[in-house]
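Peer 1: Once you've had a glance at the structure underneath, I'll fire off some questions.
The values are calculated or read from the model by the stated rules, or taken from the named source; none is laboratory data. Fair warning: this is a prediction, and the values are worked out from it, not measured in the lab. Every residue, glycine among them, receives a Cβ derived from its backbone with ideal geometry; neighbour counts consider all protein chains shown. Just the protein is used for accessible areas: all its heavy atoms, side chains included, with ligands, DNA and RNA removed. Shrake-Rupley method; radii C 1.70, N 1.55, O 1.52, S 1.80 Å.
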Amino acid sequence: MDDVVIDDIDQSLDEHMLGDKRLHQRSEDVPIALLVASCSCTLAAGSLYVFAVYATELAQTLNYNQQQLAIIASAGAWGLYITAPLFGILSDRHPSGIIMSCLCGGGLLSTGYLLMGLTLRSTIPKSEFYIVAAYFAVAGIGGAGLSAAAMTAAAQRVVASRRDMVIGLTLAAFGASGLIFANLRGLFSEGKGAEFLVMLPVVSAGLSCVAAVGFACGGSGGGQAVQDEDPLRPNETTPLLPSSDSHPSKPTNADASPSIGSSPSFLLLFMSFFTIAGGGLMYTNTVGTIARSLLPTSIAPDDAQRVQNLHVSALSFSSLIARLGVALGSNSFGRWWGQYRGGSFAVVDVEPKLAGFFVSGLIMGVGMGLVALTRTVEALMISTILIGFAHGAAFTIAPTFTASVYGTLSFGVNWGVLSLSTAMGSQAFQSMFG
């Protein structure tokens, strides 16, 4: 009889292990619907980064000066980043928070663009600059909702072995967005910025609807995060650095995920992102104006617009290359580095990311320094490429680092809090730019 009981237990254990193996194999696959949905969100939200291609026309048509134009650009950045923690909380905690953030964000983004386009077209009477700034802030808030939905889904609904890749591809869509929309602006002649701005709501609404359907099909409405099967990989139940009385493979309470604000390293991470991402965002918003200021006054308006579009496209393309590189190489390099160091993935995975973040900061510093020395629009292209690459790399490394260190249970709000440094840094650099 005892032999029968032991045989039954052995059979049950074999079935359980087989089930775990199948679960692990399924979780290794990247959910295509979720990836398409996340990329659709960031494609729409990334349209905020092409402000430079219509900023000059906005200023000339509505008689705004450079300082007023800078305030409008900053309003969009503040709308995008200051509300990110709120949408992060919604995406983290509500059963349908990801879909709600997506649809709410798409609606606000489309509304903001529509109001700006109608103002530029004079359908709405010409407004003071702070009214247009409020419109762009509404669009920025919409971008925050879309970004929170995309990033939370990518971090929480994908197993750690694929998480960095999915987060990287999601953020690569930001780079692709600038490239796509800058070239779409090229289809409209000089003086047709209003038509371009009226087109953006249609595209944004369409992308957000596609994303909502994708999230629904991919089972990413909201709620609890996916648990990682590999006990040596960091997740919301595994501390980054194992204590002396614990082993990385022993799970802890999922609710005990470390908060980003409770870590002594948070201030350093915040200030680093303040410098790199803030400087990159400032340059993104002003590259068109900088390029135009280096052109001869006798240049034709259409030729000047093409130069502006070229720099925005180059900035977006270099950012896209960096994001794709991080996306496709992060997990593979992390595993190789772990084997080289002979440590667990949970401990050594962050070391290459810290190194990459440091290198991104150096490249950003070189790019910004060259801007100050540049006297021709041709030479400015070097700075544009360097800054775009550094900004894209840092902006892709930071969320994967956040997920590795602080877990994914509260990733939405953690990433939202860290994103605030981008708006603050952009404002600081914008003030220096004048």
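Peer 1: What's the total number of residues in region 134-145 that are farther than 13 Å from Leu103 by Cα and open to solvent by 10 Å² or more (accessible area, probe 1.4 Å)?
Peer 2: Final tally of qualifying residues: 4.
Peer 1: From the list Ile32, Ile98, which residue is of a type in the set (Val, Ile, Thr), open to solvent by 40 Å² or more (accessible area, probe 1.4 Å) and at pLDDT 85 or above?
Peer 2: Going through Ile32, Ile98 in turn, just one is of a type in the set (Val, Ile, Thr), open to solvent by 40 Å² or more (accessible area, probe 1.4 Å) and at pLDDT 85 or above: Ile32.
Peer 1: Here's a follow-up. Are there any pairs with C-beta distances below 6 angstrom linking a residue in region 195-208 that is without any contact (Cβ under 8 Å) to a residue 12 or more places away in the chain and closer than 16 Å to Phe174 by Cα to a residue that is open to solvent by 10 Å² or more (accessible area, probe 1.4 Å) and among the small types (Gly, Ala, Ser), with the two at least 6 apart or on different chains, and if so which?
Peer 2: Sorted first by the residue in region 195-208, then by its partner, the list stays empty.
Peer 1: Restricting attention to region 291-313, report how many residues are open to solvent by 20 Å² or more (accessible area, probe 1.4 Å) and hydrophobic (A, V, I, L, M, F, W, C).
Peer 2: Selection size over region 291-313: 6.
Peer 1: Which residues, counting only those in region 86-96, are in a helix (DSSP H, G or I) and more than 16 Å from Ala45 (Cβ to Cβ)?
Peer 2: Listed by number, the residues that qualify are Ile89, Asp92, Arg93.
Peer 1: Can you tell me which residues in region 307-364 are modelled with pLDDT under 70, of a type in the set (A, V, I, L, M, F, W, C) and out of contact with any helix residue (DSSP H, G or I) (no Cβ under 6 Å at 6 or more places or on another chain)?
Peer 2: Matches in region 307-364: Trp336, Ala346, Val347.
Peer 1: Take the conditions under 18 Å from Ala394 (Cα atoms), open to solvent by 20 Å² or more (accessible area, probe 1.4 Å), outside any loop (DSSP other than H, G, I, E, B) and in contact (Cβ under 8 Å) with a residue 12 or more places away in the chain and apply them to Leu169. Does it pass?
Peer 2: yes
Peer 1: Would you call Leu103 more than 30 Å from Ala194 (Cα to Cα), in contact with a Ser or Thr (Cβ under 7 Å, 6 or more places away or on another chain) and either open to solvent by 10 Å² or more (accessible area, probe 1.4 Å) or modelled with pLDDT under 90 (or both)?
Peer 2: No.
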